[in-house]
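What follows is calculated from the coordinates using simple rules that are stated; it is not laboratory data. These figures come from a predicted structure and were not determined experimentally. Here Cβ is always computed from backbone atoms with ideal geometry, including for glycine, and neighbour counts include all displayed protein chains.
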Amino acid sequence: MMENRSFDHMLGGLMKKYPKINGLTGNESNPDMNGTMIPVQPNAKFQGQLDHDPDHHFPGVDLQIFGGTPPGPGRVANMQGFIKSYATQGTGINASHAIMSYFPPERLPVLTRLATEFAVFNGWFSSIPGPTICNRAFAHYGTSFGNVDMNLFYIQDPIQSIYERMVQAGHSAKIYYYDQQSSTMEIVNLLKNQPRIFGTYSQFIGDCNGNTLPEYSFIEPCYNDHPGPGGGQILASDQHPDHNVQEGERFIANTYNAIRIKQELWETTAMLVVYDEHGGIYDHVVPPACESDGKSAPADKTGTGAAFNFDRLGVRVPAILVSPYIPRGTVVPGTEDPNGRIFEHACIPGTVTNFFLKNYDQRTSREKNSNNFLAPLTDTLRPDDDCWVFDV
Amino acid sequence: MEKKYKLVAKVPKTPKSAYDHGRFISSLIEHQIKHFHEIEKSLLKPGQELTDITKIKTELQASEYLKKMTALLHPQGAEKPRRVAPPRKTRKRAKAAKSKGKGKGKGKTKSKPGKRKSR
């Protein structure tokens with residue numbers, strides 16, 4: 001799971017060549033603080049453009065989605081508040097336009113290739129219109145236990161993490177954080193109480209090489225720049241602004257390669273590349289309503305003056321499913337199609353639980369009813385010569 | 001890569017200039033540190049001092065604190081020390097060693113005197 005980039009920012013440019021991908025026409029725009037309409041621009045940079053970390057806390061995302069209309073009956077989401085939101089961070093008028101930037105596909109050779117060679121989801125949204133921690137909680141627990149912020153959350157019975165569910169049922173599962181200097185992001189309680197379900201990225205590579213990968217693995221990128229063993233330099237690979245996007249590309253490519261070059265692993269593994277939330281960066285698709293997870297965040301926690309009942313999703317994020325059982329160029333339709341399917345991070349424990357544990361009840365009904373992200377898999381294995389390898 | 005693959009895509013290198021461990025920490029890392037600080041409080045033994053996390057400003061400082069805490073919670077995640085391969089003897093050096101013969105072998109060889117095997 002990567003950090004803080006929207007679908008349109010990373011993959012929106014693909015629509016020109018691949019019309020089924022619900023990306024950008026080039027006519028999408030947002031008003032700036034002067035009221036001038038600023039269109040999307042294919043000028044995203046790897047680093048140095050979003051050095052003011054764009055706001056993605058709950059009130060900021062509310063402004064981005066609703067354009068500044070305060071909560072109340074009948075308000076309509078219009079995705080018109082992204083520049084306004086970024087400008088409130090003291091960026092200056094011109095720099096605030098950077099929030100509308102997107103990458104031309106050729107600038108992201110790894111993500112672009114995986115999206116066009118395997119399956120891309122047009123309708124994968126962050127679980128909450130808010131920041132990292134609560135969104136990542138959905139990927140591990142299928143709920144954020146009522147949180148919409150960055151605070152440390154405490155797990156409430158009977159809901160267990162997907163890893164604990166797996167291990168207790170006699171299956172194997174692991175969270176691989178990058179290294180001790182980067183560590184794990186949101187689940188320190190789990191690290192404290194269940195250290196055996198953790199490993200490092202180098203252990204992940206070793207497990208791939210030794211064909212000892214657990215049945216379910218969650219892989220975290222590196223979250224900070226730090227010296228490496230023996231005096232090297234380890235770059236953050238999470239793609240969180242203002243970390244270098246290219247290094248994240250290399251991280252994804254290395255992870256893909258580790259599976260791809262082991263034939264048995266390649267033929268038995270599905271790899272999901274997904275981002276936790278949009279990081280305050282523009283996307284044109286209005287997040288849909290969703291089934292509540294039975295929780296409510298009070299107004300003093302949301303910061304918008306209104307409570308939030310976890311009944312609508314956050315901004316859309318890139319999501320790609322990789323497997324040799326997926327036909328090239330698969331696009332899973334989203335909100336643009338009446339028959340489209342909506343995905344969010346609760347689909348991760350939802351799909352894994354349904355796949356391995358079948359009827360497991362100790363989870364939210366939102367997770368239980370979530371869509372199966374393995375649906376793009378077919379029965380036909382693509383020839384080995386038909387699948388790429390990255391030279392990293 | 002031992003096997004030859006038909007479809008190979010080159011991935012550009014990240015420029016060295018991207019590295020900056022003096023970068024100020026983002027709100028994300030700040031919260032990550034706060035979470036570990038909560039755990040540190042819960043593990044504190046009498047006489048031990050709590051880390052002053054207000055002094056953590058840069059990614060380098062953050063990484064040092066995270067390493068300390070993670071090593072405590074998950075020592076299995078420690079980097080294994082890299083094996084340093086012993087220098088290979090050239091023929092010349094091997095010959096010289098042989099002619100010197102019988103002395104104590106330099107370095108960390110465990111072979112017994114008189115039973116050294118040539119490589």
Quick shape check on the stretch A:1-61: root eigenvalues a ≥ b ≥ c of the Cα gyration tensor, a/c under 1.5 is rounded, otherwise prolate if a/b tops b/c, else oblate, and it reads oblate
Given backbone amide H placed at 1.01 Å from N, residues whose amide H is under 5 Å from that of A:Ser183, ignoring those fewer than 5 places away on the same chain, are A:Tyr178
Per-residue average of other protein chain Cβ atoms inside 10 Å, peptide A:383-391 -> 4
Spelling it out for A:Arg312: with amide H atoms placed in the peptide plane at 1.01 Å from N, the residues 5 or more places away or on another chain with amide H under 5 Å from its amide H are A:Cys290
Shape call for the stretch A:64-106, from the Cα gyration tensor axes a ≥ b ≥ c (a/c under 1.5 means rounded, otherwise prolate when a/b beats b/c, else oblate), comes out oblate
The ³J(HN,Hα) series, computed from each phi in the stretch A:271-279 with the Karplus coefficients 6.51, -1.76 and 1.60 at θ = phi - 60°, rounded to the nearest Hz and given as x for glycine or proline, is 10, 9, 9, 8, 10, 5, 7, 7, x
Comparing A:Glu277, A:Glu28, A:Glu264 in a Gaussian network model of chain A (Cα, 10 Å), the one with the largest mean-square fluctuation is A:Glu264
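Viscosity 1.306 mPa s, temperature 10 °C: what is the translational diffusion coefficient of the stretch A:207-251 from Stokes-Einstein with a Kirkwood Rh over Cα pairs, rounded to a whole number of µm²/s? Present the calculation step by step, with values, prior to reporting the outcome.
On the way: Rh = 12.1 Å.
After rounding, the answer is 131 µm²/s.
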Going residue by residue through the stretch A:84-100, the Karplus relation 6.51 cos²θ - 1.76 cosθ + 1.60 with θ = phi - 60° gives ³J(HN,Hα) values, rounded to whole Hz and with x marking Gly or Pro, of 4, 5, 5, 5, 5, 9, x, 7, x, 4, 5, 5, 5, 5, 4, 5, 8
Under Stokes-Einstein, the stretch A:120-271 at 10 °C and 1.306 mPa s, with its Kirkwood radius over C-alpha pairs, diffuses with a coefficient in µm²/s of 95 µm²/s
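Tally the DSSP beta bridges in the protein assembly as shown and give the antiparallel ones as a percent, rounded to 5.
Numbers: 15 of 31 bridges.
Looking only at bridges with both residues in the protein assembly as shown, the antiparallel portion is about 50 percent.
Sort A:Asp361, A:Asp293, A:Asp8, A:Asp51 so that the residue with the fewest other Cβ atoms within 10 Å of its own Cβ comes first and the one with the most comes last. Intermediate results must be reported in sequence, preceding the final value.
Numbers: A:Asp361 7, A:Asp293 25, A:Asp8 29, A:Asp51 13.
Starting with the residue having the fewest Cβ neighbours, the order is A:Asp361, A:Asp51, A:Asp293, A:Asp8.
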Between A:Gln239 and residues 5 or more places away or on another chain, the pairs with built amide H atoms under 5 Å apart involve A:Gly248
Here the convex hull volume per residue of the stretch B:19-74, taken over Cα atoms and given in Å³, is 80 Å³
B:Glu49 and A:Ala306 label points (each 7 Å along its Cα→Cβ direction) are spaced in nm at 5.0 nm
Karplus ³J(HN,Hα) for the stretch A:159-164 (6.51 cos²θ - 1.76 cosθ + 1.60, θ = phi - 60°; Hz, whole; x = Gly/Pro) runs 7, 10, 5, 4, 5, 5
Taking a crude spin-label model, label points 7 Å out from Cα along the C-beta direction, the A:Gln156 to A:Leu357 distance in nm is 1.8 nm
Most exposed to least, judged by fewest other Cβ atoms within 10 Å, A:Thr36, A:Thr132 sort to A:Thr36, A:Thr132
With the label point 7 Å along the Cα-to-beta-carbon line of A:Ala299 and a cut-off under 16 Å to each amide N, the hits in the stretch A:55-86 are A:59, A:70-74
Counted neighbours (other Cβ, 10 Å), sorted fewest up, put B:Lys10, A:Lys84 in the order B:Lys10, A:Lys84
Sorted largest first, the Cα spans of the protein assembly as shown on the principal axes come out in Å as 94, 62, 52
With R₀ set to 45 angstrom, the calculated FRET efficiency between the beta-carbons of B:Lys6 and A:Ser29, to the nearest 0.05, is 0.55
From the Cα centre of the stretch B:1-38 to that of the stretch A:338-392, the distance in Å is 26 Å
Compactness summary of the stretch A:227-308: radius of gyration and Dmax from Cα atoms, Å, are 19.4, 54
